[in-house]
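The block underneath contains the structure these notes are about, expressed in structure tokens.
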Amino acid sequence: MSGERAPHRLAAPDAAWLMRTYAGHSTAQASNELYRKNLASGQTGLSVAFDLPTQIGYDPGDPLARGEVGKVGVPIAHLGDMRALFDGIDLAQMNTSMTINATAAWLLALYIAVAEERAIAPEVLQGTTQNDILKEFLARGTYAFPPAPSLRLTADMVAYTVEHVPRWNPVNICSYHLQEAGATPVQEIAFALANATAVLDAVRERVAEERVGAVFGRISFFVNAGVRFVEEHAKLRALALLWEELGRERYGVTEAGLLRLRYGVQVNSLGLTESQPENNIQRIVLETLAVTLGRDARARAVQLPAWNEALGLPRQWDQQWSLRIQQVLAYETDLLEYPDIFEGSTVMKGLVDELVEGAREELARIEQRGGAVQAVPYMKAALVESNRARLRRIESGEQVVVGVNRYTETAPSPLTADGEGAFLTVDPAHEQAQIDALERWRAERDADAVDEALSELARVARSNENIMPATLAAARAGVTTGEWAGTLRDVFGSYRAPTGVADAPAVRGYAEIEQLREDVERASEQLGRRLKLLVGKPGLDGHSNGAEQIALYARDAGIEVVYEGIRLTPEQIAASALEEGVHVVGLSILSGSHMALVPEVVGALRHAGVQAPLVVGGIIPTGDVAELLAAGVAAVYGPRDYELGGIVRDIVALAVAAARP
């Protein structure tokens, strides 16, 4: 009827979600230029990618930072770098997301300090810090301190921002990396909620009871969305139901606005392929539908990966392509003109009910172990096992990946015809430039003020006081990222997270595994003892999924495996190889630092007298393979080498060949 709105239409289209691209590389100045270009292209928020030394709390020049500076994100060593990063960008208007966890309190302090220099009050700042530290022990590996003090830093920051930076989201509970580590939808929901509960319980001890609702309302989520986009949408609806239930029943929250699930998303990167990478575009589009189709569970902020992220770092043009996907979806289609299109759907309700039931059962298992902190080993082992099952499905062909295990024939692609020009390569000279710049910063600052700030930081860390005021004072005084984190390491100690490999059950009965076991038995007889493999993760790269799966597969095949987890120096790897008497050394590097780290490992092995062949796997461009082989590497594996059985068979052959006189 004329003049009346039809119930299947909105009175006016909804506003589009916040559009971001995850970006940062090389230097603060180069990243600032990239941000300005992206904003000029229509991006409506910023998402900062930090390099690994910044994420874990090391300065350029630290031995553990070798080869990692500026590779996977922007290096921020002090207040001057943060000034340069946001030069010409209005922080009073910008919504800034920072993917930062162990050093989140420090990076937020630098951001606040820059705003203060511009006479911008903290009360008006808008944005998000990921700050989901428990997930780092499970999936991503950028932790800096043991679990208990790490959770204390998170709780301090939440308690501080609720009162002093009230528009900021201090924690972004991140199920994204859980899925990247192999989590099923049920595990992703349950593990994320368990982590959120641990954070909220810790914060509850630091705020007045009447502020608990405000705290709950500032907790947001950062989710993943895979290509099974119908089920992935159901996952988000299930998460929203359980989040509201948690707020009402455990924390006594009653206000509807505070109970609403607020989430941002980056769609799945795990499923992006090096083979036929043009297929990644349609994957990204379909995954975006999972978080935008249904109005009642629509994302508040979306950032999309680029088509070429399995090859290397995306260029500005690649990121613009991903931004245009969002813009076409929001502004050309009719997606935002309707109420929730899944209302009344029996299929969607059935999927949601299944996921809710499964998540409740998983949450009960975590609770039986004492909650998320105590259940870290259990959850880690569960993720490793789920990822093993996923890879087994891909290897067998049960799970189809177009262009990888089916429909592999292809015409030449103009997108990758120029080889190395298909992605961004960071100039290695940037690392020394950052080291030199840091020395100038230290020479020009007030050393007494720095010493005083660090002394106060250490005192507060040993007490039960909130860490944020002392951290802000340190930022203003010119303290560096490595100095801030180093001071806290001295107080809190160090930690090595569980790998999940030892707790994963052995697999038998598969023809491929049984054949490999026979090969390993024959090889071990020729070698005179059990074939032994060292799997090493040099540098700061915490993405250990590949290393864990190789270690598991080799172990199941009968190889004795030495795997000590992440963050090892070349010297530590060489010492372990010598002490353990291994037949083959395998390295996993996904951070782009292979050209710097691999020759150092080769040198350390030879200096220690270890002659075992070395194999390397990771996101390694084809153009780098010849140089790595010339440096002494026996074999190189990239993302297209998904058949773990073939890799392990190569390792067996290398061990036997190396033992021949």
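The values are calculated or read from the model by the stated rules, or taken from the named source; none is laboratory data. Model, not experiment: these values are computed from the prediction. Quick reminder, even Gly has a Cβ in these numbers, built from the backbone with ideal geometry, and neighbours come from all protein chains shown. Note: areas computed on protein heavy atoms with side chains; ligands, DNA, RNA excluded. Shrake-Rupley method; radii C 1.70, N 1.55, O 1.52, S 1.80 Å.
Table for the structure above
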| quantity | calculated |
| --- | --- |
| Binned Cα-Cα distance frequencies in region 511-659 - 10 Å width, integer % | 12, 46, 36, 7, 0 |
| Distance from region 463-542 to region 598-640 (C-alpha centre basis), Å | 20 Å |
| Selection from Tyr378, Leu289, Met348, by position along the positive dipole direction of the chain (Cβ) | Met348 |
| Calculated FRET efficiency for the pair Thr254/Gln374, C-beta based, R₀ 35 Å, to 0.05 | 0.70 |
| Ratio of the Cα radius of gyration of region 374-512 to 2.2 N^0.38 Å, where N counts its residues | 1.75 |
| Top positive-direction residue, dipole computed over the chain with Cβ charges, set Tyr35, Leu258, Ala148 | Leu258 |
| Extension reserve of the Leu10-Arg462 stretch, reckoned as 0.36 nm per residue once the Cα distance is removed | 157.2 nm |
| Accessible surface of region 192-295 [probe 1.4 Å, protein heavy atoms]: carbon and sulfur percent | 52 percent |
| Relative packing of 184-195, 492-503, which averages over residues the other C-beta atoms within 10 Å, highest first | 184-195, 492-503 |
| FRET efficiency, Ala121 to Arg393 (Cβ-Cβ, R0 45 Å, nearest 0.05) | 0.30 |
| Hull-based mean projected area of region 360-444, where the convex hull spans the alpha carbons, in square nanometres | 12.5 nm² |
| Cα centroid separation - region 317-382 against region 38-92, whole Å | 29 Å |
| Difference of contour (0.36 nm per residue) and Cα-Cα distance, Ala429 to Gln327 | 33.1 nm |
| Of (1) -0.22, -0.76; (2) -0.36, -0.87; (3) -0.29, -0.78, the label for log10 I(q)/I(0) by the Debye sum over Cα atoms at q = 0.05, 0.09 Å⁻¹ derived from the coordinates | (1) |
| Ala658 versus Ala506: modelled label distance in nm, points set 7 Å from Cα along the beta carbon direction | 2.4 nm |
| FRET efficiency, 1/(1 + (r/R0)^6) with R0 56 Å, evaluated for Asp641 and Leu39 via beta carbons | 0.90 |
| Listed peptides 468-479, 247-258 by packing density, highest first (mean Cβ within 10 Å) | 468-479, 247-258 |
| Listed peptides 382-388, 585-591 by packing density, highest first (mean Cβ within 10 Å) | 585-591, 382-388 |
| Shape box of region 143-246 [Cα atoms, principal axes, largest first, Å] | 41, 30, 21 |
| Residue order for His583, His8 - accessible surface, 1.4 angstrom probe, largest first | His8, His583 |
| Extension gain from Arg211 to Ala411, taking 0.36 nm per residue of separation minus the Cα-Cα distance | 66.0 nm |
| Axial C-alpha extent at least 27 Å, average Kyte-Doolittle at least -1.0 - helices from the chain (DSSP) | 185-204, 229-251, 346-368, 376-396 |
